[in-house]
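Only one structure is covered here, and it is reproduced in the block below.
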Amino acid sequence: MSGLNTLHLESLNHPHEDLPDGMKMFAQLIIEDHIWLQTLPVESETDGKSWKLRMDCTIPFQTSTFCIAFLRDSESDGTRLVGHTVIPRDTVLVLAELKRSFESLLNTVNFDGPSLKLDASFTLTNIQLARQQDSNLRAELTQAYNGMEPKQYIADSLEIWLMHERILLGCQESQERAQLMDDLGDISMKKHMSSGYLPDLNQAVCLYADALSWLNNLGTSLLYRFQQLGNLDDLNQSITQLEAVVNLTPSSDPIKPILLTADGHPDQALWLNNLGAALLNRFRQLRDLDGLNKSITCIEAAVDLTPDGHHNKPLCLHNLGSAFTCRFRQLGDVEDLNKAITYLQGAVDLTAHGHPDQAVRLNRLGSALMKRFMQLGDLNDLTRSITYMQDAVDLTPVGHPDQPLRLMSVGNSLLNRFKHLGDIFDLKQSITQFEAAVNLTHDGHPEKCNMLSGLGTSLLCRFVQLGDRDDLNKSMTYMKAALHLTPVGHPDRPLQLGRVAQPFYHRFEELGDLVDLNQSITYMEAAIDLTPDGHPDKALHLHNLGSFLLARFKQLKDFSDINKSMTYIQAAVDLTPDGRHDKASHLNSLGSAFSYRFKQTGDISDLDKSVACMEASVDLTTDDHLNKALWLNNLGTCLLHRYEQVGNFNDLNTSITCLQAAVKHTPDGHLEKAARLQNLGMTLLARFEHIGDLGDMNHAITYIEAAVDLTADNHPSKPILLGSLGHPLMCRFHRLKNPDDLDRCITCRAAAVDLTPDCHYTKAILMHNLGASLSHRYEHLGDLTDLEQSITCQADAIGRTPDGHINNPAQINNLGANFFRRFERLGKLEDLNQSITHIQAAVHLTPDGHPDKPARLNNLANSFLHRYNILNDDGDCQKLLHSYTSAACSPSGPKWVRYAHKYQPSSILQAYTTAMNLLPEYHHLLQTGSLVRDAAAAAIAAFDFQRAVEWLEQGRSIIWGQLLGLRTPVDNLKQS
């Protein structure tokens, strides 16, 4: 029996760049592709070019060859393999017998690597191993095995290997040899469990392998080594051995009927459970669904075969619950999750307090309850989840390898409760738990990526809640790190891609940079491509991608974006079964998409669909749910839009009711409180404009002022809220003519502009609104400085607005109107020319049929009229008449008639014909009579008597029809 003692390594070409100053050297003994033993790193000897390392280990009896590898460790250059050599065991035996050391030059890793000479010393133990049955073996093992604490087991691994060889060579009877090997393997395994010393685990595997028939123990030890080292070959061999235990039938070997499974064998349930556990571990590595189903079948059989009260019952129940949890995560069937919780609860209930596995089982049960809460939204599941997970953390000693994982589980549960109830304390505690988990976990740990992304998600939620940009930046950093640690092909890669998209989207919402929005879309598209159909995360990814595309549509007005958005969100709705709490979220987003498409197309059916989706979202959400206020707010806003289109006063009142409920459901301190107060205020303003109740106006200003006061100056929503407050103040100024309201309006809008970054997309509209309010003050007070500032603001707004933007025509028209005002004040022809240039551009950009086109044509005609009066250019006369002609479908129609009389009498009958055709729709009763008389007079003057009679008859019919429309039916009078 040989032992490897001392290794002396010398560099023959010192110094060398691969051996930097200050480095340390360590060695690894490698047997059958496994690292059998590793030395501690040592510094060089005094000569600076040699190292002395001690192995002091036994080479296993069955080993034919082994490898010794040398690695250097440097703080500046890291760890690197510098050389290795393969040594046959026969050579060692010869050298040891001759008392000579083994000398060799190491194989180099690189062709220009250092030349290293190895001098290794071995020893040989001369033991006479009898070939006959050793009658003392059983007695020695029994003495070592029974009645002793683990730390008292055979202390020297050399003695275990000595016993191993004695059994192999001295015990020829197969059943006795297998039993002895199994007992000795138990000793080595328990010694490893006590000390954590890796060679003891390797010895146990070797012993069980030699006890060929004890396949279950071999499979179990290989499974345990896989769990420690992560070598997939160990796992596959474990399954092979355990399947043999379960499936092989007895043969002529006299030991097999005892060692291999037969129905009714007392260990059958244990073997089935072990096989199921191994298959479950392989599923977690390879996502082999067939293997998972086999795992469930095996463990279900184990549970059925294990009587109540048996000490293995909790273990089997726990493993079965874990397997059903994995299948739920793969397929999304809630029934699997219900079964998982039932079995895991059974395992927890049967586990005695203080049992080593109690914390594991509590944590697993809490995790399953959290998953069911995420599916069904039952707050009781959430509360129980946090309780069980916190109990698991409390039972876990500091430094335990599972401590970070359990901290992460508690962090996830607290984060979800915050999302449901909005308690900021839960969010802060969640961040604390995730930070502790991250700090306790090295980068190579397989769950480090989930800890980082969980911390990033919590920080992102706090940013959304409190608006601290530092939280957003940290969130993005952690999310990127999580994605970096998740390799391509890993099953969690889609999840991490979906999570890292979120901070980019929120940074876009804050700063308005489309690069961030496009990046979030790219990440989410990749997440969807990698998520298989049927996966429970598929609907969430589709929903988020649809939301991001909708946001891009709002910026660029690209209809392909909104159509794709609605396709993705509709798919998310269709994939989400009724009863899942996120169904309401998907319906709400779909309603938002319908609403925005309506704003572009004017199709009222889209608006009706929007209302229907949002009503369903509200109906599906319980009053205690955090998102109830959000859904109510969105429904109220959508109803307001429909009121604005259809004019149904019930929609407006219902909108106010919803928005009032949204404000009521939003707790003080919630970040959205200000936005919901703003929405309520703007809706009350709309009702004021409908019925003129000054109380609605005053309440509107009060609510929006409260929203402004609740929002910090550095919050990204502050400029929008200030801009919103300016609108009702302007309306009240128009109603009461109180100049203080106008001054406050300008102050608010100026502050909104100052607080908005130059790169933000809202800067243009805020500048334009400020210019409009300055223009109003100029008209009220006549201060030319206000008009000059108004022109500057509106020109700046146009410069910030991209070509093709929906606001372009209005902004250009208003700037043209301001140039006209300055022309009226100063009389400069240059201002009049600028007015015409801008209003012409606005008219050109305004599509036919747009409600503002007639007014812009009228403005253009007015400008041409003034220039004609100055220059007497017939071209201007033709242009002003053409503009009035085009605007005839508006109240500017009579102006066309008036100016046709003066400047182009030949077109007078055409003007009156247009006006008479539009008379029933656009003229009031008092205007009708004078227009009909004037039109008939013009026809008579032109000797067109037939047309004069037709117009008089048409006017009489219209007037009588309007008069009859004002009468109350007699039946109604009688009823009253």
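Tabulated data
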item	result
Answer from L472, L440 - the residue that is buried (at least 17 other Cβ atoms within 10 Å of the Cβ) and under 17 Å from the mean Cα position of the chain (by Cα)	L472
Residue ranges of helices (runs of 4 or more DSSP H) in segment 482-581 with at least 2 members among the acidic types (D, E) and modelled with pLDDT of 90 or more	514-530, 559-575
Residue in segment 719-736 that is buried (at least 19 other Cβ atoms within 10 Å of the Cβ), part of a loop (DSSP other than H, G, I, E, B) and β-branched (V, I, T) present	no
Any strands (runs of 3 or more DSSP E) falling wholly within segment 12-115 and containing at least 3 residues that are in contact with a strand residue (DSSP E or B) (Cβ under 8 Å, 6 or more places away or on another chain) and surrounded by 14 or more Cβ atoms within 10 Å (Cβ to Cβ)	24-31, 34-38, 50-58, 65-74, 78-88
Qualifying residue in segment 657-679 (condition: within 27 Å of the chain's Cα centre (by Cα), closer than 20 Å to I604 by Cα and crowded, with 21+ Cβ neighbours inside 10 Å)	no
Filtered residue count, segment 40-70, keeping only those that are at pLDDT 85 or above, among the polar types (S, T, N, Q) and touching a helix residue (DSSP H, G or I) at 6+ places or on another chain (Cβ under 9 Å)	1
Selection count where residues are in a helix (DSSP H, G or I), open to solvent by less than 40 Å² (accessible area, probe 1.4 Å), touching a residue at least 40 places away in the same chain (Cβ under 8 Å) and not hydroxyl-bearing (S, T, Y), scope segment 331-377	11
Where a residue in segment 17-33 is in contact (Cβ under 8 Å) with a residue 12 or more places away in the chain and its partner, wherever it lies, is outside any loop (DSSP other than H, G, I, E, B) and of a type in the set (F, W, Y), with Cβ under 6 Å and at least six apart	M25/W51; A27/F70; L29/W36; I31/F66
Test: N380 is within 26 Å of the chain's Cα centre (by Cα) and open to solvent by 50 Å² or more (accessible area, probe 1.4 Å)	yes
Residue within segment 386-395 that is farther than 30 Å from T666 by Cβ and under 23 Å from the mean Cα position of the chain (by Cα) present	no
Filtered residues of segment 311-325 (kept if touching a residue at least 12 places away in the same chain (Cβ under 8 Å) and either more than 16 Å from G346 (Cα to Cα) or not in a helix (DSSP H, G or I) (or both))	N312
Residue, modelled with the lowest pLDDT, within segment 935-959, restricted to residues that are open to solvent by 80 Å² or more (accessible area, probe 1.4 Å), over 10 Å from M916 (Cβ atoms) and not in a loop (DSSP other than H, G, I, E, B)	R956
Those residues of segment 766-794 which are in a helix (DSSP H, G or I) and surrounded by fewer than 17 Cβ atoms within 10 Å (Cβ to Cβ), in sequence order	E779, H780, L781, L784, T785, E788, T792
Residue in segment 570-583 that is more than 25 Å from S605 (Cβ to Cβ) and among the polar types (S, T, N, Q) present	no
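Okay, residues lined up against (1) within 30 Å of R225 (Cα to Cα); (2) acidic (D, E):
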residue	(1), (2)
K24	yes, no
I35	yes, no
Q38	yes, no
E45	no, yes
I59	yes, no
S64	yes, no
I68	yes, no
H84	yes, no
S104	no, no
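The values are calculated or read from the model by the stated rules, or taken from the named source; none is laboratory data. Everything numeric here is computed off the predicted structure, so don't read it as measured data. Note that we place each Cβ from the backbone using ideal geometry, even for glycine, and neighbour counts take in every protein chain shown. Just the protein is used for accessible areas: all its heavy atoms, side chains included, with ligands, DNA and RNA removed. Shrake-Rupley method; radii C 1.70, N 1.55, O 1.52, S 1.80 Å.
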